[in-house]
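Remarks on the structure that follows.
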Amino acid sequence: MDTPEPSLRVLFHQAKKQQEGLDSLDPRSADFKHALQSIIDNLEQCRNLIRDLSLFSTNEEVEDISTQDLQYLTVDCLLAEVKIKGYGEHRQVSLQDAAELFEHFLTRLDQYGLLGTSDRKLYERYLEQRSSFRIVSSNSPEEKRRIKISRFQEEKSLKQKLQYLRDESQKANVDDETIRSLYLAEIAFLVNKAFSSLDMITQELEILSQMRHAEPVKPGPPPPDQRFPARPESYSERLDGPAAMAGLAKRGGPLLSPSGKPLQPFTLTDKRTQLRQGVFRAGHNLPTMSIDEYLEEERRRGGIIDGGGNANAPQPEPDEDNMEQVDAATMKAREWDEFVEANPKGAGNTLNRG
């Protein structure tokens, strides 16, 4: 005996219950992917049953829809929300499918007159700018801020109304009008979320399109490190080379004059002999001159300044018989005392004040 297919009511409530528990799962886990696909399958069956049963028609008003069937107006929106939660290699296709479902959802609500004035303007703008739709079309920061605050307050108000109606619907002997108001509040809340999702989908599709058309970057040689300038092949880190041993004043100078006269002592040797001599040398750089020789060389190069001023010399005491000098010294000391009293220690430190 064949098992009867579940009804529209069972499939719809099962999908909504699964969707509520989807946020508690890890999006990278296999359980999340399995639950996501199960919700999609249930909502797809709901769409097929709605179409087969012809629950909605463009020739009727919203008052003609029964309270029980009113909740099924949200199937397209719920399915679109589930599709945008899946990330995989077919991400672009999922986003495009979700955008079409959101559009079907808004179109049906517009046919029944369930879109408010501001939502209808957004819907018309979306139909004109599907590939570049933005909730905030203005570039003015003040206008963007005003619209974001307005939509945030609207969403907050819808959540509060929805929670109140849900609490009322759980009471005993709830009337049909309360249930109908609950379904209409859910529709209004999903309309607000639908436009936000369409804004996000448009931006993400633009990014994916740019990534697809971007030319692949070919790996090339690494750029030269500017911190380390190019050095000749003869460069060496050793400080006690043959030129350094000849003395500080002649380091790096020519060995012979133009007439062929030696300018500094040198030894003719081959590379092997030079390496052999460096095997048993000291592990540190040996001094090439004494301290006195170094100071003399620095003085010759102008690195030492001799002499100095009289800034540290003791100041002469004023002559007590010279009343003008005594009065001037007294006035100077008095002015200094007044300055110290008017400017206590630490008065100018404005950084560490509490």
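Please treat every number below as a calculation from the coordinates, not as lab data. None of the values given here were measured: they were computed from a predicted structure. With ideal geometry, Cβ positions are generated from the backbone for all residues, glycine too; neighbour counts draw on all protein chains shown.
Shown here for the range 157-220: trypsin sites (Lys or Arg not before Pro) in loop regions (DSSP other than H, G, I, E, B) with at most 14 other Cβ atoms within 10 Å, namely 171. Of the chymotrypsin sites (Phe, Trp or Tyr not before Pro) found in the range 39-120, the ones in coil according to DSSP and having at most 15 other Cβ atoms within 10 Å of their Cβ are 87.
How much net charge surrounds residue 194 when only other residues with a Cβ under 15 Å from its Cβ are counted (Lys, Arg +1; Asp, Glu -1)? Local net charge: -2. Each Lys or Arg adds one and each Asp or Glu takes one away; over the other residues whose Cβ falls under 12 Å from the Cβ of residue 49, this sums to -1. Here residue 261 is the anchor, and the lysines within straight C-alpha reach of less than 18 Å, apart from those fewer than 8 places off in the same chain, are 250. For the pair the range 1-77 and the range 178-207, the centres of their Cα atoms are 16 angstrom apart.
For the range 1-67, the calculated P(r) over all alpha carbon pairs, in 10 Å bins from 0 to the bin holding the longest distance, is 18, 37, 29, 14, 2 percent.
Short-range pairs are left out: with C-alpha atoms under 8 Å and at least six residues apart, the relative contact order of the range 62-202 is 31 percent. Counting neighbouring beta carbons within 10 Å and listing from fewest to most, the residues 289, 331 come out as 331, 289.
Counting only Cβ charges, +1 for Lys and Arg and -1 for Asp and Glu, the dipole size of the range 66-223 around its Cα centre is about 600 debye. The trypsin sites (Lys or Arg not before Pro) of the range 17-67 that meet both conditions, a loop assignment by DSSP and at most 11 other Cβ atoms within 10 Å of the site Cβ, are 28.
By the rule of a C-alpha distance below 26 Å, with chain neighbours fewer than 8 residues away ignored, the lysines paired with residue 33 are 16, 17, 83, 85, 193.
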